[in-house]
Amino acid sequence: MSSIPLTMSGAERLQEELRRLKAVERPEIINAIAEARSQGDLSENAEYDAARERQAFVEGRIKELESTLSNAQIIDPSALDVDGRAVFGATVEIEDLESGERVTYQIVGDVEADIRANRISVSSPVARALIGKSEGDVIEVQAPAGVREYEVLGISYV
């Protein structure tokens with residue numbers, strides 16, 4: 001399997017989720033299954049079925065997280081010689097040249113992308129256009145409504 005790029009904070013979030021699933025969720029599910037079993041006939045026991053379904057989901061997520069973390073390539077942009085350019089892990093502030101709207105994104109791996117938290121995937125059109133750009137550069141991004149132009153206002157590596 002190829003390496004999976006992650007930021008330091010992204011790897012920490014995944015490790016915390018894995019710890020929570022193993023230390024909290026898994027024991028709760030085991031207790032729920034034991035409680036449902038004590039109620040007798042399992043063939044018509046909705047609590048048992050729900051607990052087993054939840055167990056399957058949690059175990060699948062644990063395997064997924066373990067696989068991701070074991071294949072992770074953790075990249076710290078502050079340790080790279082990037083000379084003020086946008087790279088993986090960088091936080092970039094851009095301004096839409098048409099509307100004047102400003103937004104700040106962190107460029108992250110596919111696994112940790114979350115648009116609600118302004119973390120965009122390195123494979124997204126905006127991130128691909130930003131990679132290698134410096135403060136003051138103008139980028140063009142193909143959007144469903146047409147080509148959008150953005151100016152890079154700032155880049156940080158926090």
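In the chain, helical runs assigned H by DSSP with n ≥ 4 each contribute -39500 (n - 2.57); averaged across all residues and rounded to the nearest 500, the mean residue ellipticity at 222 nm is -11500 deg cm²/dmol.
Listed options for Cα Rg over 2.2 N^0.38 Å are (i) 1.43; (ii) 1.32; (iii) 1.03. The value calculated from this structure is the one marked (i).
Which of the peptides 3-11, 137-145, 37-45 is most tightly packed, and how do the rest follow, going by the mean number of other Cβ atoms within 10 Å of each residue? All intermediate terms of the calculation are to be shown ahead of the outcome.
Working: 3-11: 18.8, 137-145: 12.0, 37-45: 10.1.
Result, highest mean Cβ count within 10 Å first: 3-11, 137-145, 37-45.
Since every read-out is calculated from the coordinates, none of them should be taken as a lab result. Note that the structure is predicted; figures quoted are calculated from it, not measured. All Cβ positions, even for glycine, are placed from backbone atoms using ideal geometry, and neighbour counts span all protein chains on display.
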